[in-house]
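The values are calculated or read from the model by the stated rules, or taken from the named source; none is laboratory data. Bear in mind that the values here come from a model prediction, so they are computed numbers and not experimental data. Backbone-built Cβ (ideal geometry, glycine too); neighbour counts: all protein chains shown. The accessibility values were calculated without ligands, DNA or RNA, using every heavy atom of the protein model including side chains. Shrake-Rupley method; radii C 1.70, N 1.55, O 1.52, S 1.80 Å.
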Amino acid sequence: MNKLVPPMSSLSLKLPTAGGGLETYRLAASRTFPARLEGTLNRIAFSAAHVVADPRADVDPWLTAAVDWDRTIAFREHVWDLGLGVAEAMDTAQRGMGLDWNTSLELIRRSVNAAKAKDNALVFSGAGTDHLAVEDAKTLDDVIRAYEEQIAAIEKVGGRIILMCSRALAKLGRSAGDYAKVYDRVLSQVREPVIIHWLGDMFDPSLTGYWGTSDLGKAMDTAVGIINAHAAKVDGVKVSLLDKQREIDMRRRLDSKVKMYTGDDFNYAELIAGDEQGFSHALLGIFDAIAPAASYALSRLAAGDEAGFHDVLGPTVPLSRHIFKAPTRFYKTGIVFMAYLNGHQDHFTMVGGQESARSTLHLAELFRLADAAGLLANPELATRRMKTVLATRGIDT
């Protein structure tokens, strides 16, 4: 039987290969996705959005975050146009990994205002304890006060809350009871239902042992117990463990009023599609990089075209698995590189100098996978920019 050969583009460039060689890579024929949502959605989908650094700012990038506010907000408007929500000031925005609390609050304020101007577009924002240095956190009450301070600041500017994990709580919390004390106090005070974020230690090693144990089964028991006890105060829970079965198990245990938002950047397509017992909504870093494809795929799912949903979203999964490969915490580099390739910013510079966190080989493979999934919005521009980055890394193509 003859194999179908995918159509090819006339564009090509030389890309590095393992072992120090170069290969001529010819791009596939591009796919085109709508720039705005067409139709409706039957899943709530957030993109955890990145920040655009200001490469002209006179700062030391390892020490001070300089943000290009206009480009950063323009990217959020792009996400909203596609019918997706924005999860603001999360780990994708390098929160606590280059972006400090004061800059995060300014980002949240600007995003909330921009969302209001965009017909009250959907935005939830991360509240944590990152302004409290871990070494300065001595008691659980210190953690509670830190959460309260950030929640109050976000609510004051009109924001909705994503309750992020706390490094200070991971240090001090020794038992399920310790976590229950903190979450009981914090959830009792929020103005509107929140999204609780469970971020695995593959994303942030400082969160090892969250919920008071390194046993994920026991940790889930604690998390489910706390969430279900406060179901009226919890819109949903985002789980970022890169373990689809644990997410499914947790989804089936949640109070019926509580949504599951998949944070599984390895298995999101099948988790969003769901099964006979339910499905996951989405709050994903990868949706920053693939927003137009994600929007179109979700619209096909809502229209009853599950095959069309998988046809579009399925090919994005290998790219996501590559971007989020270990060390997973460096995934932001791939997210921003995709934004650069697709013209959402004019440079490949990141807060904290994190553009250096992945190898040239990693970026070359990202380019191949993005092309194969039809995710290069302007292949000519992307090819030109890939060549520019390679040249700065000593590879003249």
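Annotations
- At full extension, R252 and K156 could sit 31.1 nm farther apart than now, given 0.36 nm per residue minus the alpha carbon distance.
- T32, T213, ranked by accessible area, largest first (probe 1.4 Å): T32, T213
- Bins of 10 Å from zero: percent of alpha-carbon pairs in the chain: 5, 23, 33, 25, 11, 3, 0
- Note on K118: aspartates and glutamates with a C-alpha under 12 Å away, same-chain residues under 8 apart excluded, are E77, D81.
- In region 299-397, taking the dipole from charged Cβ atoms about the Cα centre, the farthest positive-side position among S320, L366, M350 is held by M350.
- Gap separating the Cα centres of region 182-243 and region 321-369, nearest whole Å: 28 Å
- Loop sites in region 1-81: GluC sites (Glu not before Pro), DSSP, at most 15 other Cβ within 10 Å: E38
- Across the cross-link table entries K14/K325; K181/K238; K181/K332; K171/K332; K156/K325, which are compared at the Cα atoms, the separations over 31 Å belong to K181/K332; K156/K325.
- Beta bridges assigned by DSSP with both partners in the chain are antiparallel in approximately 20 percent of cases.
- Lys, Arg +1 and Asp, Glu -1 on Cβ, resulting dipole of the chain about Cα centre, debye, nearest 20: 380 debye
- Dipole size of region 143-205 about its Cα centre, with +1 on Lys/Arg Cβ and -1 on Asp/Glu Cβ: approximately 120 debye, rounded to the nearest 20.
- Helices that extend 15 Å or more along their long axis by alpha-carbon positions and average at least -0.5 on the Kyte-Doolittle scale are, among the DSSP H runs of the chain, 101-117, 140-156, 176-187, 216-229, 291-302, 331-341, 360-372, 379-392.
- When the chain is described by a simple charge dipole with +1 on each Lys and Arg Cβ and -1 on each Asp and Glu Cβ, the residue from S175, M90, G308 located farthest towards its positive end is G308.
- Put a plus charge on the Cβ of each Lys and Arg, a minus charge on the Cβ of each Asp and Glu, and nothing anywhere else: the dipole of region 13-94 about its Cα centre is then about 500 debye.
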